[in-house]
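Heads up: the structure comes next, in C-alpha cells.
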Amino acid sequence: MKVIAILIIVLTGGLLIYGVEEMPDWGDPNSPASSHVSPKYIQEALEKTATPNMVTAVLGDYRGYDTMGETAVIFTAGIGCILMLRKKRKGEGD
Amino acid sequence: MLEYIISKYNFWVYIILLLIGLYAMLGKKNLVKKLIGMNIFQSAVILFYVSIGVKKGGATVPIFMGDAHAAHGHGQAIIDVASYINPLPHVLMLTAIVVSIATTGVALAVLILIFRRYKTLELDEIIKIRKDTGV
Amino acid sequence: MIWQLDIILCIFVVICAIAAITVKDLLAAVIILGAYSFFMCILWTEMGAVDVAFTEASVGAGVGTVLFIAAVNKTKRRSKD
Amino acid sequence: MATHFAALVIIIPLIAALFVPIIGWWKKGLCYPLVVAVLIVPLISSLGILNRVIESGPFSYYLGGWAPPWGIEYAIDYLNAFVLVIISAISLIVSIYSKKSVEKEMPEKVVPFYSLFLLLVTGLLGIVVTGDLFNVFVFLEIAALSCYALMAIGRDGAPFATFRYIIMGTIGASFYLLGVGYLYIITGSLNMLDVAQRLPEFYHSRVVLTAGVFMIVGIGLKMALYPLHAWAPNAYADAPSTVSGLVAPLMTKVAAYMMIRIMFTVFKPVFFVEIIPVTTILTWMAAVSIIVGSIYAIAQTDLKKMLSYSIVAQIGYIALGIGLANRSGLTGAVLHILNEAFTKGCVFLVAGAIVYKMGSCNINDFKDLYRKMPFTMSAFLIGAFSMVGIPPTCGFFSKIYLIMGAINAEKWIFVAVLLFSSILNVIYFFRVIKIAAFDEVIPDYSRTTPYITYRLDEVPLSMLIPILIMAAGILVCGIFSPEIINTVIQHIIPASF
C-alpha cells in the first residue's frame, strides 16, 4: 500500500515539477490568465452590475450559474447526510 | 538556481501540499487521516488557483476603490486593469471551497456509517473483518 | 505582497500539513488542520484574495473543523498511524 | 423554443429536487409520481434539442445573456444532444422502475432518496449540456455527491465501498480541476470553444502537456479504466438496486463523454495522437481493461458483482474506440455509449428484480428462475445477447465498428482482444442462463408434496414494464443503428479523421 502510494506521489510530483518550468512568470500582469478574459470583468463590472466588488459581480452575475450549482452542491450534501444518518424509527422497516 | 526556486516559491509550496495530501489519501490507514489528507489536497489546488490570480506591480484587491456612486452615476468609470488583481480565479475558488467542504461532510457521514458497522476506523482491520465475514 | 512574510507563512502551512497527517491523536490532528486552514487564509489574504480568504476562514476552518470534531466525537479518537 | 429547451433540461429537475422534500413532508406517496412526471420534461426537451440540432446544426445558449467567454455558455452539438437523450431516457425508465424497489429496500427514506435521485440526474445532464470547463466540475460534484450518498445506503458492505469511491472520485475531480487550472493559466479562458481556439499555439508547452495528462487521468478515474478501476466493482454491486440501475449505465458513460469532449473538442485530435501518445496508452489500458474485467467477471458468484466487473470490461470497449482515433473506431465508441447504457440498464434492472424477489443475487440460487420469471429472464437473455454481440441486438453493431476501427488502424492485437472478449462474455453470461434455465431442481422429498410446482412468480408490473422497455430499446437501437449513425454519429467524428 505504502509503496504504491509513494510511487504514485513520485509520478505526480515529477509531472507537476516538469510542468512548472514553462509556466508564465508568477504575478506577471501580462500573462494570458490576466490579459484575456479578466480585464473585461475589471473594467465593466462596476458599470454593468453596479457592484464595487468585482468578485461578487462575477460570482453573482457573469458566472451566476456556477453559484447556482454551488448552492445545489450544499443542498445535495445536506439531503445526502439526512439520507445516510437518519435512523430507522421503531416499528418501521426491520 | 536559488533565484529560480524563489521566483516561483508558491508553486513549489502548492506541489508539496498536494503531494502531502495525496500521500495521506493513499498511504494512511486511518480513514479520518485520509479525509484530512483530502482537505489538504483540495486546498492545495485552491492555493494554485489563487496564485494564478496574483498580479505584481501595485495591483490590489479586486474591489473598486474610488467613489463607486459617482463613477457609476456618470457611467464613465475609467478603471486601470493593472491596478486590480484578476478576480476570476477567486470566483472559481469560492465555489471550490464550498464543494470541498460539502464533499468532506458527505464523507464524514459515510465514515460514521462505517464505524457503526465495523466499530473501527483502521483500514486493515476493516479489510480483515470483511474477509472473515465474506462480504 | 511581502515575499518574506509569504515564505514564513508557506513554511508554517507546510509544517501544519505534515503535523496534521502524522499526529496520532485524531482530535489534535483536526485542530491542527484548523490551524492549517487559518494559515492558508492568511496566505490568501496576503495574495490579495480577500473573498476567498474569508470564505475559507468561515467555511473551511470553521464549518470543516466543526464537522470533523463532530465525526471524531462520534467515532474513535486514537489512530494507529 | 428549442433554444430554451437547453435551459429547461437542467432547471426543471433541479427545482423539482428542492420541491420533493416539501411535498414529501406533506404526503410521502406523492414523491414517486412527481419524480416520474418531472423526468418526462428533460426527455421531451432533449428530444427537441436533438431535433433542432439535426435540422439546423449546432447552436449555443448564453446563460444570463452574457456572451462567452465572459459568461457561461451551453454549446449544443450532435454529441451533446445525443448523450442528453440517452441520459434522460434511461433516467425516466429507471424512475418508473424505482417504486416497489425503494419501498422494499428503504421504506423510511423515500423522500430524501427521490430528492437525491433528481439531483443525480441533474448533475449528469449538467455535465453533458454545459460548454464551460469549470461548470463541468461543479456539476460533476453534484452528480458525485448525490451518487456517494445514494450508494452508501445499499447492502452490508456499501459504506466502505462508497468511502473508497469518495477518495478516488475526489482525486479524479481534483485532478480534472487542476488540469483546468493549467489550461486557464496558459490560455486565460474557461470556455471550451475559446480554449480550443487559443490552445494550438501552445501545444508544445509543458504546461499544456501536464494539463492534458491530469485531465485524462482524472476522467479515467471517474471512468474506471483498468489500473484506476479498483473502487468501481464493489461500489456498483453494493448500491441499492435502483441506484445501480441508474448509476451503472450512466456515470461511466458520462465520463466517457467527457473524455471524448476533452480529447476531440478542447484539444485538437492531433495533440493526443501525435504530440503526446495518450491514445496509444489508452488503447492498451482499454485492452487490459477488457480482458481483466471479463476474467474477474467470470470468477464472481454474485450477479451484481459480475455485472459490475463487466462494466470495467465494457468501458474498455469505449476507451478502445476513443483511443484508436479513427473514423470507425470513434463511431463504434459513441454507438457503444448508447448500447452500453441500454444493455447495462437492462441487466442491472433485472438483477434488481431478482433481488426484489429472492433477497439476494447469488448465481447458484438461480435454479428454475426461467419458469418463475419468464419475462424478466428473457429480457436478461436479450441483454446477454447484446453484451456478447449477437445480431440483431445493438451490441453487435458497435462491436463491428470497433473491430473495423482496429483493422483500419492495423492493430491486429486489438481485433484479437475484441474477439476473445466475446468468448469470455459468452462464458460468464451463459453460465447464468444455464443455471437459470437448464439446471434440474432437485425435488424436496421432505415436503408433503414432492412435486415441483412451476408457479409464475413475476415481479410487479411497475418493475416489469421498464425492464421490457429496456430490452425493447436494445433491439430497437440494434435495428435502427444504421439510421442513428447516418443522422447523428457521423457528424460527431472530427473532420480530420
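Readers should treat all values here as calculations from the given coordinates under stated rules, not as data from a laboratory. Remember, predicted model here, so these are calculated numbers, not experimental data. So basically every Cβ, Gly included, is an ideal-geometry build from the backbone, and we count neighbours across all protein chains shown.
Placing unit charges on C-beta atoms (Lys and Arg positive, Asp and Glu negative, everything else neutral), compute the dipole magnitude of chain D about its Cα centre in debye, rounded to 20.
540
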- Given the rule -39500 (n - 2.57) for each run of at least 4 DSSP H residues, summed and divided by the residues of the protein assembly as shown, what is its mean residue ellipticity at 222 nm, to the nearest 500 deg cm²/dmol? -24000 deg cm²/dmol
- By how many degrees, 0 to 90 and rounded to 10, does the Cα axis of helix D:241-261 deviate from the longest principal axis of chain D? 20
- At R0 = 56 Å, FRET efficiency that the Cβ-Cβ distance of D:E103 and C:K76 yields, to 0.05: 0.95
- Message: Could you compute Rg(Cα) / (2.2 N^0.38 Å) for region D:175-332, with N its residue count?
- Response: 1.10
- Message: Mean Kyte-Doolittle hydropathy of 0.0 or higher plus an axial Cα length of 20 Å or more: which whole DSSP H helices in chain B meet both?
- Response: B:9-27, B:31-53, B:88-118
- With Rg and the Kirkwood Rh both taken from Cα atoms, where does Rg over Rh land for chain B? 1.21
- Give the calculated FRET efficiency between C:Q4 and B:S83 to the nearest 0.05, with a Förster radius of 22 Å applied to their Cβ-Cβ distance. 0.40
- Note on the structure: The equivalent-ellipsoid semi-axes of region C:24-76, taken as the square roots of five times the Cα gyration tensor eigenvalues and listed largest first in whole Å, are 25, 11, 4
- At D:K27 and D:F430, where each label point lies 7 Å from the Cα along Cα→Cβ, what is the point-to-point distance in nanometres? 5.3
- Query: Which semi-axis lengths, in whole Å and largest first, follow from the square roots of five times the eigenvalues of the Cα gyration tensor of the protein assembly as shown?
  - Reply: 44, 30, 26
- Note on the structure: Computed ³J(HN,Hα) along region A:2-13: with the Karplus parameters 6.51/-1.76/1.60, θ = phi - 60°, integer Hz and x for glycine or proline, the list is 5, 5, 4, 4, 5, 4, 4, 5, 4, 4, 4, x
- Looking at the protein assembly as shown, which Cys residues are left with no other cysteine's beta carbon under 4.7 Å from theirs? A:C81, C:C10, C:C16, C:C41, D:C31, D:C147, D:C346, D:C361
- Query: Hey, with R₀ at 45 Å, roughly what FRET efficiency would C:S58 and D:S360 work out to, going by the Cβ-Cβ distance, to 0.05?
  - Reply: 0.45
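Give me the net charge for the shell around D:V129: Cβ to Cβ below 13 angstrom, other residues only, Lys and Arg +1, Asp and Glu -1.
Overall, the nearby charge balance is -2.
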- Task: Would you mind computing Rg(Cα) / (2.2 N^0.38 Å) for region D:50-203, counting N as its residues?
- Result: 1.23
- Query: Per Stokes-Einstein, at 4 °C and 1.567 mPa s, what whole-number D in µm² s⁻¹ belongs to region D:310-497, with the Kirkwood radius over Cα pairs as the hydrodynamic radius?
  - Reply: 73
- Message: With the crude spin-label approximation of a point 7 Å out along Cα→Cβ, what separation in nm comes out for A:L85 versus D:L461?
- Response: 4.3
- Note on the structure: Assertion target for D:V288, D:V35, ordered by fewest C-beta neighbours within 10 angstrom first, is D:V288, D:V35
- Once Lys and Arg are counted +1 and Asp and Glu -1 for all other residues with Cβ under 14 Å from that of D:N339, the total becomes +2
- What is the magnitude of the charge dipole of region D:150-296 about its Cα centre, with +1 placed on the Cβ of each Lys and Arg, -1 on the Cβ of each Asp and Glu, and no other charges, expressed in debye to the nearest 20? 40
- Query: Hey, rough spin-label estimate for D:I11 and C:I11, points 7 angstrom out along Cα→Cβ, what's it come to in nanometres?
  - Reply: 5.5
- Query: Hey, what D do you get for region A:38-85 in µm²/s if you plug the Kirkwood alpha-carbon radius into Stokes-Einstein at 4 °C and 1.567 mPa s?
  - Reply: 106
- Message: What does the charge count around A:T49 come to, taking other residues whose C-beta lies under 14 Å from its C-beta (Lys +1, Arg +1, Asp -1, Glu -1)?
- Response: 0
- Message: Which of D:C147, C:C10, D:C31 has the fewest other C-beta atoms within 10 Å, and how do the rest follow up to the most?
- Response: C:C10, D:C31, D:C147
- If you line up the Cα atoms of chain D on their principal axes, what length do they span on each, largest first, in Å? 83, 60, 43
- The Cα extents of chain A along the principal axes, largest first and rounded to whole Å, are 67, 51, 15
- Task: On a 0 to 90° scale, report how tilted helix D:412-437 is relative to the longest principal axis of chain D, with both axes built from alpha carbons and the result rounded to the nearest 10.
- Result: 30
- Message: With angles folded into 0 to 90 degrees, how steeply does helix A:38-49 sit against the dominant principal axis of chain A? Use alpha carbons for both and round to 10.
- Response: 80
- Task: Return B:T103, D:T301, D:T130 ranked ascending by Cβ neighbour count within 10 Å, so the fewest neighbours appear first.
- Result: D:T301, B:T103, D:T130
- Partner chain coverage, peptide D:97-109 - average Cβ within 10 angstrom: 2
